[in-house]
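So the structure is just underneath, and the comments pick up after that.
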Amino acid sequence: MKTGLIVLGVIILIVIGGIGWAIGINNQLVGQEQVVNEKWAQVQNVYQRRADLIPNLVETVKGYATQERTVLEEVTKARASVAGITATPELINDPAAFQKFQQAQNELSGALSRLLVTVERYPDLKSNQNFLTLQSQLEGTENRITVARMRYSEAVRDYNTRLRLFPGSIVASVRGFKEKAYFEATPGAQEAPKVKF
């Protein structure tokens, strides 16, 4: 009888310990997922800042470079494409949707680069204070985008690593935690010449 109670007590302690361990792992995963979501929100924030600067930049350039209508239309179209994608936290759980979001952002970056290269042909525009201010803000925003994407990728790396480590992977699979998507380099980014803003 006494041995049975000891065995039962040990089993209860093991079960309680296992439940406590699983709760601890779950709480760590929830915390790391929140960090990823917070970093994702910052990425969205800086992309929105860039999108908000674009209409002012286009209007300023339009006054000087009316014959560059094609480049201006590309920028406007790319911005509309980006605005058409709702960047929710769920987006980072769907690799195909995330890829579409990243592609739209890359197209906008390319259109902006082409616009700024075009501006080089207009010395009056390059000396316009409004344009210079917008150009400086855009450059700062592009730097912020780079930093926000890097921080997001670091948070995703930590989260995805935690998901895959055993024995935490058991809790992750039972609780339905999914890996988050990373940003990828723009195709051909290694060969592309750097454009200064």
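Quick notes
- Taking each residue as 0.36 nm, the span from Q129 to L165 lengthens on full extension beyond its C-alpha to C-alpha distance by 7.6 nm.
- Cα centre as origin, Lys/Arg/Asp/Glu Cβ charges: the stretch 32-123 dipole, Debye: 280
- Solvent exposure of D124, expressed as accessible area, is near 110 Å², computed with a probe of 1.4 Å over the protein chains only.
- Partners of K180 within straight-line reach, counting aspartates and glutamates whose Cα lies under 15 Å from its Cα and excluding those fewer than 8 residues away in the same chain: E33, E38, E90, D94, E154, D158.
- Take every pair of alpha-carbon atoms less than 8 Å apart whose residues are at least six positions apart; their mean separation over the length of the chain yields a relative contact order of 33 percent.
- Considering only A96, T60, S153, the residue lying farthest towards the positive end of the dipole of the chain is S153, judged by Cα position with unit charges set on Cβ.
- Computed from the C-beta positions of I85 and E139 and an R0 of 35 Å, the FRET efficiency is 0.90 to the nearest 0.05.
- Ranking R162, R50, R157, R79 from most to least accessible surface, computed with a 1.4 Å probe over the protein chains only, gives R157, R79, R162, R50.
- HN-Hα J in Hz across the stretch 41-54 - Karplus 6.51, -1.76, 1.60, θ = phi - 60°, x for Gly and Pro: 4, 5, 4, 4, 4, 6, 5, 5, 4, 5, 4, 6, 6, 4
- Projected label distance in nm at D52 and K100, using a 7 Å step from Cα toward the beta-carbon: 2.6
- A simple charge model with +1 on the Cβ of Lys and Arg, -1 on the Cβ of Asp and Glu and nothing else charged puts the dipole of the chain at about 420 debye relative to its Cα centre.
- Each residue of the stretch 78-88 is assigned a 3J(HN,Hα), and the resulting list reads 5, 5, 5, 4, 5, 5, x, 9, 7, 8, 8 Hz, derived from the Karplus form 6.51 cos²θ - 1.76 cosθ + 1.60 (θ = phi - 60°), x at Gly and Pro.
- Cα lying deepest toward the dipole's positive end in the stretch 1-130, options G24, L112, N45, charges on Cβ: G24
- Take the Kirkwood radius over Cα pairs of the stretch 1-101, plug it into Stokes-Einstein at 37 °C and 0.692 mPa s, and you get 178 µm²/s for translational diffusion.
- Sorting S136, S81 by solvent-accessible area of protein heavy atoms yields S136, S81, largest first, with a 1.4 Å probe.
- Among the listed values [x] -0.55, -0.78, -1.26; [y] -0.37, -0.65, -1.49; [z] -0.45, -0.72, -1.33, the one computed from these coordinates for log10 I(q)/I(0) by the Debye sum over Cα atoms at q = 0.10, 0.13, 0.19 Å⁻¹ is [x].
- Fully extending the segment from V174 to I19, taken as 0.36 nm per residue of separation minus the present Cα-Cα distance, adds 54.5 nm.
- In order through the stretch 140-153: 3J(HN,Hα) via Karplus (6.51 cos²θ - 1.76 cosθ + 1.60), integer Hz, x for Gly, Pro: x, 5, 4, 5, 4, 4, 4, 5, 5, 5, 5, 5, 4, 4
- Given +1 at the Cβ of Lys and Arg, -1 at the Cβ of Asp and Glu and no other charges, the dipole of the stretch 90-192 around its Cα centre is 380 debye to the nearest 20.
- Aspartates and glutamates with Cα under 19 Å of K62, excluding same-chain neighbours fewer than 8 positions away: D52, E73, E74, E120, D124
The values are calculated or read from the model by the stated rules, or taken from the named source; none is laboratory data. Since the structure is predicted, the reported quantities are computational estimates derived from the model, not experimental observations. Note: ideal-geometry Cβ built from the backbone for every residue, glycine included; neighbour counts use all protein chains shown. Side chains included, ligands, DNA and RNA excluded: accessible areas come from the protein's heavy atoms. Shrake-Rupley method; radii C 1.70, N 1.55, O 1.52, S 1.80 Å.
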